[in-house]
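This report refers to the structure that appears directly beneath it.
The values are calculated or read from the model by the stated rules, or taken from the named source; none is laboratory data. Predicted model only: the values in this text are computed from it and were never measured. Every residue, glycine among them, receives a Cβ derived from its backbone with ideal geometry; neighbour counts consider all protein chains shown.
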Amino acid sequence: MEEYLLKVGDLEPLGSTKRRSPFENEPPIRVYWRAEVEQQAIRKWGSLDRLSEEKQRRELAWRTHQQTLFSVKKVLKDYRRGQRNKPYYTVIEEENLKGSSNVVLTAVGINAINALGKGAAFAVTGSSSLFSETLHSIADTANQVILAVGIHKSAQRANLDHPYGYSNVRHVASLISGVGIFCLGSGVAFFHGFHALYDPAPMGDFLVGYCVLAAALVSESVTLTLATRNILRNSRRQGCSFWQYVRQGRDPSVNVVLLEDLAAVVGVFVAGSSMALSAVTGNMMFDACGSMLIGGLLGTVATFIIVTNSHALVGQSIRQEELERINLRLEEDIMIRGIHDVKGIDMGNGLVRYKAEVDFDGRELTKKYLERQDSDVLTAEAKQLTGDEAVEKFLLRHGEAIVDMMGAEIDRIESDLRKAFPQIRHIDLEIL
């Protein structure tokens with residue numbers, strides 16, 4: 001049919017025979033005699049020369065169509081190039097990243113100073129609890145440096161290697177931080193406390209330790225307050241409670257700072273109480289038990305951080321209420337009959353990837369297309385349709401225009417969704 005420009009109907013009057021298919025487990029194929037097919041083509045086109053001319057005409061039309069497509073693609077390419085120069089994050093997203101970065105960098109400085117002070121106090125007092133607190137501050141400092149690197153990396157733009165951006169780097173950094181707390185902080189502190197039970201160190205002067213712990217309590221409270229304020233502000237913006245925001249790991253970097261500093265404040269009270277009990281009773285067992293309690297506290301915090309960030313990395317859905325609002329907005333569009341297989345994935349940094357299979361209303365689309373056409377001209381064209389070729393040209397022209405309109409409608413729907421929900425960064429709509 002391609003060689004002689006024939007259609008299925010042109011072959012019906014010709015004789016044929018059935019032959020075994022050359023492909024395994026396939027039904028027999030129908031075979032026509034070339035001479036008869038050629039004669040049918042001559043009857044349809046007049047001669048083989050006219051058939052050749054028709055092929056050349058169609059080849060020229062195809063090349064013209066390809067050139068038009070090339071021009072359109074070039075315009076789209078220039079448009080996408082211009083889009084790359086636009087800011088990747090909205091103003092609110094930039095504020096969130098900047099706020100998270102300030103909290104983490106402040107925590108790095110304070111924890112580094114606390115680690116030095118607690119280490120010096122441990123050298124003077126020999127307290128196991130102070131040793132655990134020193135490890136705690138060292139682990140916090142190292143982990144928060146990792147968090148700062150993660151925040152910087154997550155702000156990078158999407159590229160060919162990472163088309164959805166680097167937002168999840170923050171979850172990776174927080175996961176590494178949680179593992180670091182569990183191994184370095186919890187494990188070593190618990191082991192040191194257990195060892196001190198059987199081989200207690202001589203009791204030193206705890207006054208220096210009390211002073212360092214008091215200073216650490218003040219400084220850790222500052223970073224804890226900063227992290228709390230940042231989470232409260234962001235949770236209000238996203239319409240959820242403080243603990244929902246923390247539990248779902250919406251801002252993993254600030255969550256880690258919050259939990260680490262909360263553990264640090266509790267750890268200061270545990271260390272101070274253990275040292276006081278040991279000083280009053282003269283028994284270093286209380287100090288060793290304090291070290292083990294701090295290790296257990298760090299282990300609990302680390303487990304929570306690891307679990308929440310693991311869920312986010314696997315692909316954590318956005319809140320059901322938020323997903324339903326997006327679905328409702330999409331279903332309200334006149335072009336949409338229904339949506340199926342909906343997914344809203346939290347990409348981190350407050351960004352969302354939304355995917356849905358869309359049942360487009362072909363009648364509404366056609367009605368909108370007809371509204372933009374001159375009905376008199378369209379009617380005149382339809383009346384002049386005589387023969388297969390005229391019908392084919394008519395359908396091809398208007399069919400392609402309707403498909404182009406569908407593309408424009410999808411762009412409009414995606415634009416409307418982004419305006420209504422600025423947190424949506426990527427939208428994947430599949431036509432059923």
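Just name the residue that is surrounded by the fewest Cβ atoms within 10 Å (Cβ to Cβ) out of those in the stretch 390-432 that are part of a helix (DSSP H, G or I) and in contact (Cβ under 8 Å) with a residue 60 or more places away in the chain. Explain how you work it out, then say what you get.
Let us first name the residues in the stretch 390-432 that are part of a helix (DSSP H, G or I), namely 390-420.
From what is left, the residues that are in contact (Cβ under 8 Å) with a residue 60 or more places away in the chain are 409, 413, 416-417, 420.
Values: Glu409: 18, Ile413: 19, Asp416: 14, Leu417: 19, Ala420: 12.
Per the stated criteria, the residue is Ala420.
Inspect all residues belonging to the stretch 332-347 and state whether any of them is touching a residue at least 24 places away in the same chain (Cβ under 8 Å), loosely packed, with under 15 Cβ neighbours inside 10 Å, over 20 Å from the mean Cα position of the chain (by Cα) and assigned to a helix (DSSP H, G or I).
no
How about the stretch 142-175: which of its residues are hydroxyl-bearing (Ser, Thr, Tyr) and under 16 Å from Ile305 (Cα atoms)? I'd like the intermediate steps shown before the answer.
Within the stretch 142-175, the first condition is being hydroxyl-bearing (Ser, Thr, Tyr), and the residues that meet it are 154, 164, 166-167, 174.
Matches in the stretch 142-175: Ser174 only.
To keep it simple, each residue is scored yes or no on (1) surrounded by 24 or more Cβ atoms within 10 Å (Cβ to Cβ); (2) in contact with a Gly (Cβ under 9 Å, 6 or more places away or on another chain); (3) modelled with pLDDT under 80; (4) part of a helix (DSSP H, G or I).
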site	(1), (2), (3), (4)
Val266	no, no, no, yes
Ala276	no, no, no, yes
Asp287	yes, yes, yes, yes
Gly290	yes, yes, no, yes
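Quick one: which helices (runs of 4 or more DSSP H) lie wholly within the stretch 111-225 and hold at least 1 residues that are surrounded by 24 or more Cβ atoms within 10 Å (Cβ to Cβ) and modelled with pLDDT of 75 or more? Can you show your working first?
Details: elements: 128-154, 169-180, 188-198.
Answer list for the stretch 111-225: 128-154, 169-180.
Suppose we keep only residues that are of a type in the set (A, V, I, L, M) and within 25 Å of Arg50 (Cβ to Cβ) within the stretch 11-38. Which one would you say is nearest to the chain's Cα centre (by Cα)? Break it down stepwise before answering.
Step one: list which residues in the stretch 11-38 are of a type in the set (A, V, I, L, M), which gives 11, 14, 29, 31, 35, 37.
From the residues that got through so far, the ones that are within 25 Å of Arg50 (Cβ to Cβ) too are 11, 14, 35, 37.
Details: Leu11: 54, Leu14: 59, Ala35: 61, Val37: 57 Å.
Among them, the one singled out is Leu11.
Only one of (1) surrounded by 17 or more Cβ atoms within 10 Å (Cβ to Cβ); (2) assigned to a helix (DSSP H, G or I); (3) modelled with pLDDT under 80 fails for Thr228. Which number is that?
Status for Thr228: all satisfied but (3).
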